[in-house]
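K.L.:
Here you go, one structure.
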Amino acid sequence: MFFEQLSTESVLFFILYGITGVVPAIAAAYLLFRKGNAFVPDITPPVRLRRWTAAFFIVSALAHVWWLLFYIYSSDMQSVVNLVLATLDCLLLFTTFAGTLLSMLQDRKRPVWPALVIAMPFVALAGALMAYPSSRLLEQMTVYYILLLYVLFTGYMVVMIKQYGRWLNDNYADLENKKVWLSQTVALGSMLLFVLYVFATDMVLIWLIHFIELVLVGLLLWRVETLPQLHSMAEQSTAAPATIDLAQIEQLLAEHCVGTQLYLQHDLTLQQLAQAVGTNRFYLSQYFSRQSITYNSYINNLRINHFISRYQEVVASRQPVSAQQLAQESGFRSYSTFSRAFMQRMGQSVTAWMRESD
């Protein structure tokens with residue numbers, strides 16, 4: 001029997017290998033069949049993101065199955081079967097991974113077919129290598145193209161994330177758990193881990209990669225379930241009301257946002273503010289652009305002004321001061337978001353400012 005011939009170390013490795021195959025399968029089943037969010041019940045993640053992530057987890061689980069079968073029944077690393085499985089592995093994992101990362105960016109629906117297009121030269125090289133398995137040149141070209149594929153996609157994602165960050169600043173005042181730099185870094189890191197796994201020969205490194213794989217599956221699942229559904233410009237756009245002169249918007253903001261303290265509302269969006277003002281999001285965006293500010297900075301500046309005013313009132317009345325409580329009263333959902341906005345506006349930390357104000 002195959003398993004009876006294995007050493008203790010090999011048996012332990014196969015157990016770890018099985019776990020790293022079962023965990024993504026369980027995660028995929030959770031994302032596909034559980035309607036509610038078990039991690040953060042009050043957050044509804046994007047459906048498209050859930051499906052692409054589930055697809056990535058399924059491909060990852062299936063890859064563990066077909067490589068195990070290959071190792072049991074063949075293990076000939078020079079065979080055509082090995083090349084076919086390696087090509088299938090890279091193509092499916094890369095495509096579903098690209099769909100997952102692109103789905104995290106919710107400013108617009110980005111197609112995944114470009115990822116397939118840039119992967120086609122790799123498929124062609126793999127096909128040529130099947131025809132000429134002894135060609136060292138083709139083997140090296142295939143390896144280099146995998147690395148080039150990673151570099152190209154990483155560069156593309158950096159540009160797309162910058163665009164997404166600008167869109168968030170232009171449309172949302174509360175950016176906690178909406179920015180995706182951390183999750184994208186983790187995700188691209190896992191993609192690099194896959195590249196390393198393709199070329200890894202040292203067993204210690206392979207063991208380490210499998211342990212890290214389990215951690216990354218958990219991190220990716222957590223990121224998916226903590227990323228709230230946002231709305232793109234096309235989804236938020238409604239029938240535009242009568243045109244309003246941009247010069248009038250400042251007065252309308254003073255009346256319907258500042259005067260009513262609408263900025264204290266948590267998760268206030270540009271679309272909601274536009275409706276309250278009586279214009280549409282496009283005119284309002286033009287106004288902020290002409291003022292050389294973003295919607296995010298406009299709302300947070302109002303909230304910081306409110307915080308300063310409330311702090312001075314509390315200190316004057318000799319009541320106990322809680323910066324966290326005042327920040328929440330001022331419209332900030334989290335203290336970390338408030339701290340960053342305060343530092344950006346005042347040029348110093350909240351605690352330093354409070355010491356100077358006493």
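The values are calculated or read from the model by the stated rules, or taken from the named source; none is laboratory data. Small disclaimer: the values here were computed from a predicted structure and weren't measured. Backbone-built Cβ (ideal geometry, glycine too); neighbour counts: all protein chains shown. Accessible surface is based on the protein model in full, side chains and every heavy atom, while ligands, DNA and RNA are left aside. Shrake-Rupley method; radii C 1.70, N 1.55, O 1.52, S 1.80 Å.
Quick grid of which residues meet (1) within 29 Å of the chain's Cα centre (by Cα); (2) under 30 Å from PRO114 (Cβ atoms):
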{"residue": "THR8", "(1), (2)": "no, no"}
{"residue": "ALA25", "(1), (2)": "yes, yes"}
{"residue": "TYR30", "(1), (2)": "yes, yes"}
{"residue": "PRO46", "(1), (2)": "yes, yes"}
{"residue": "ARG51", "(1), (2)": "yes, yes"}
{"residue": "PHE57", "(1), (2)": "yes, yes"}
{"residue": "ASN82", "(1), (2)": "no, yes"}
{"residue": "THR95", "(1), (2)": "yes, yes"}
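K.L.:
Next question, about the same structure. Condition test on TYR287, is it aromatic (Phe, Trp, Tyr), in contact with a helix residue (DSSP H, G or I) (Cβ under 8 Å, 6 or more places away or on another chain) and farther than 20 Å from ALA341 by Cβ?
P.N.:
Details: aromatic (Phe, Trp, Tyr): yes; in contact with a helix residue (DSSP H, G or I) (Cβ under 8 Å, 6 or more places away or on another chain): yes; farther than 20 Å from ALA341 by Cβ: yes.
So TYR287 passes the test.
K.L.:
Can you pull out the residues in the range 262-286 that are among the hydroxyl-bearing types (Ser, Thr, Tyr) and under 19 Å from TRP167 (Cβ atoms)? Break it down stepwise before answering.
P.N.:
Here is the first cut: in the range 262-286, the ones among the hydroxyl-bearing types (Ser, Thr, Tyr) are 263, 269, 279, 283, 285.
If the condition is that a residue be among the hydroxyl-bearing types (Ser, Thr, Tyr) and under 19 Å from TRP167 (Cβ atoms), then THR269, TYR283, SER285 are the ones that fit.
K.L.:
Which residues, counting only those in the range 243-280, are among the polar types (S, T, N, Q), under 24 Å from SER309 (Cβ atoms) and under 30 Å from the mean Cα position of the chain (by Cα)? So that I can check it myself, show each step before the final result.
P.N.:
So in the range 243-280, the residues among the polar types (S, T, N, Q) come out as 243, 248, 251, 260-261, 265, 269, 271-272, 275, 279-280.
With under 24 Å from SER309 (Cβ atoms) added as a condition, the list becomes 251, 260-261, 265, 272.
The answer is GLN265, GLN272.
K.L.:
So, in the range 261-287, how many residues would count as being among the small types (Gly, Ala, Ser) and without any contact (Cβ under 8 Å) to a residue 24 or more places away in the chain? Spell out how you get there, then give the answer.
P.N.:
Initially, the range 261-287 is screened for residues among the small types (Gly, Ala, Ser), giving 274, 276, 278, 285.
Filter once more, keeping what is without any contact (Cβ under 8 Å) to a residue 24 or more places away in the chain: 274, 276.
Within the range 261-287, residues that are among the small types (Gly, Ala, Ser) and without any contact (Cβ under 8 Å) to a residue 24 or more places away in the chain number 2.
Residue-by-condition table, conditions (1) out of contact with any strand residue (DSSP E or B) (no Cβ under 9 Å at 6 or more places or on another chain); (2) buried (at least 18 other Cβ atoms within 10 Å of the Cβ):
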site	(1), (2)
ASP267	no, no
TYR287	yes, yes
GLU313	yes, no
SER334	yes, no
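K.L.:
On to the next question. Check ALA38, ALA54, ALA27 and return the single one that is among the small types (Gly, Ala, Ser), surrounded by 13 or more Cβ atoms within 10 Å (Cβ to Cβ) and either touching a residue at least 60 places away in the same chain (Cβ under 8 Å) or at positive phi (or both).
P.N.:
Values: ALA38 fails: surrounded by 13 or more Cβ atoms within 10 Å (Cβ to Cβ); ALA54 fails: either touching a residue at least 60 places away in the same chain (Cβ under 8 Å) or at positive phi (or both).
Answer to the selection: ALA27.
K.L.:
Which numbered condition trips up ILE249, out of (1) surrounded by fewer than 18 Cβ atoms within 10 Å (Cβ to Cβ); (2) touching a residue at least 24 places away in the same chain (Cβ under 8 Å)?
P.N.:
Unmet condition: (1).
K.L.:
In addition: Mind listing whichever residues of the range 220-229 are touching a helix residue (DSSP H, G or I) at 6+ places or on another chain (Cβ under 8 Å) and closer than 11 Å to ALA27 by Cβ?
P.N.:
Within the range 220-229, LEU220, LEU221, VAL224 qualify.
K.L.:
Same structure, new question: Looking at TYR283 and the list (1) over 29 Å from the mean Cα position of the chain (by Cα); (2) among the aromatic types (Phe, Trp, Tyr); (3) open to solvent by 60 Å² or more (accessible area, probe 1.4 Å), which single condition is not satisfied?
P.N.:
Status for TYR283: all satisfied but (3).
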